[in-house]
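The values are calculated or read from the model by the stated rules, or taken from the named source; none is laboratory data. Because the structure is a prediction, the values reported are computed rather than measured. Note that each Cβ is placed from the backbone with ideal geometry, even for glycine, and that neighbours are counted across all protein chains shown.
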Amino acid sequence: MRRRFFVEGFEAGSATLRGEAAHHLGRVLRAETGQLYELSDGQCVWLARTESVGRDEVRFSLVEQLPVPVACVRIELLLAIVKFDRFEWALEKATELSAEEIAPLTADRSEKGLIVAARKRAERWKRILAESAQQARRLRIPVLKDAAKPCDAFRASAAPLRLLLSERPGARPLREVLEPVAAPRRENDAKRVAIAIGPEGGWTDAEFASAAACGFVEVALGANILRTETAVCAALAAVQYAFGAFRPDEGHEDSKTSE
């Protein structure tokens with residue numbers, strides 16, 4: 001399977017890869033002229049042939065526009081900040097599982113030192129998202145939002161279906177909530193879902209109240225208590241499956257998609 005890289009755009013049958021990605025392709029992967037790769041500008045994907053390989057720039061000629069999968073669900077992940085090694089692992093897996101937007105949350109029970117240090121991690125997190133999206137052969141890189149308090153992130157969510165992972169006894173099983181809304185969709189009708197996942201200390205009563213006021217439904221993944229990064233994988237995979245992301249007969253588009 002060919003590697004995919006992200007470029008700023010396509011113009012007159014050509015494209016140019018610059019920066020760290022170009023250095024990686026040219027110096028680490030030792031690309032040579034005439035080799036074929038896939039390029040995405042976030043809107044469409046092209047099969048492209050290398051024309052020149054420089055230290056920090058690789059030039060391509062476009063060969064053929066490729067079909068891309070039609071998105072069945074668009075996921076907005078609201079993720080509480082936890083220890084950075086696990087938070088960054090969660091970012092990587094959320095990207096592989098097609099999260100479209102990721103909002104780091106400065107939850108009441110997130111460690112204060114992590115919240116302060118998170119301000120300096122945004123560029124690193126963007127690189128993780130880009131590298132993960134490239135590896136997963138996604139159409140586009142997820143959007144990383146600025147870190148925000150949960151109450152602000154809850155209010156900002158525009159998703160019609162809003163889910164808050166909860167360990168409280170009254171939380172509804174995720175399957176019970178998804179089944180009525182994950183009906184067969186119209187072509188090009190990608191449904192939007194927001195998933196809020198708290199820190200390992202859990203949500204506070206004030207955060208539960210704020211989420212409820214913003215239309216979030218408390219849902220549970222099962223009887224076991226999951227770490228934050230485990231919950232990310234389980235929740236996103238469940239939503240993708242419920243909305244049909246893993247059906248082999250899903251359609252394709254020739255160019256644009258709403259992934």
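Numbers for the structure displayed
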quantity: Residue tally, condition more than 27 Å from Trp203 (Cβ to Cβ), hydrophobic (A, V, I, L, M, F, W, C) and crowded, with 17+ Cβ neighbours inside 10 Å, over the stretch 108-152; calculated: 4
quantity: Count of the stretch 161-176 residues which are under 12 Å from Ala235 (Cβ atoms) and crowded, with 19+ Cβ neighbours inside 10 Å; calculated: 5
quantity: Residues satisfying the stated conditions in the stretch 10-40, i.e. assigned to a helix (DSSP H, G or I) and surrounded by 11 or more Cβ atoms within 10 Å (Cβ to Cβ); calculated: Glu20, Ala21, Ala22, His23, His24, Leu25, Gly26, Arg27
quantity: Single residue of the stretch 67-91 satisfying the filter (surrounded by fewer than 20 Cβ atoms within 10 Å (Cβ to Cβ) and at pLDDT 95 or above) that is nearest to Tyr241 (Cα to Cα); calculated: Trp89
quantity: Residue, modelled with the highest pLDDT, within the stretch 94-137, restricted to residues that are more than 19 Å from Gly198 (Cα to Cα) and polar (S, T, N, Q); calculated: Ser132
quantity: Hits in the stretch 58-91 - residues which are among the charged types (D, E, K, R) and either in a loop (DSSP other than H, G, I, E, B) or more than 20 Å from Ile141 (Cβ to Cβ) (or both); calculated: Arg59, Glu64, Lys83, Asp85, Arg86
quantity: Residue match in the stretch 123-139 (condition: in contact with a Pro (Cβ under 6 Å, 6 or more places away or on another chain) and of a type outside the set (Phe, Trp, Tyr)); calculated: yes
quantity: Hits in the stretch 92-107 - residues which are crowded, with 21+ Cβ neighbours inside 10 Å and among the hydroxyl-bearing types (Ser, Thr, Tyr); calculated: Thr95, Ser98
quantity: Given (1) under 20 Å from Glu176 (Cα atoms); (2) part of a helix (DSSP H, G or I); (3) of a type outside the set (A, V, I, L, M, F, W, C), index of the condition Gly215 fails; calculated: (2)
quantity: Contacts under 8 angstrom Cβ, first residue in the stretch 133-147 being within 17 Å of Trp46 (Cβ to Cβ), partner acidic (Asp, Glu) and part of a loop (DSSP other than H, G, I, E, B), 6 or more apart; calculated: Arg138/Glu259; Leu139/Glu259; Arg140/Glu259
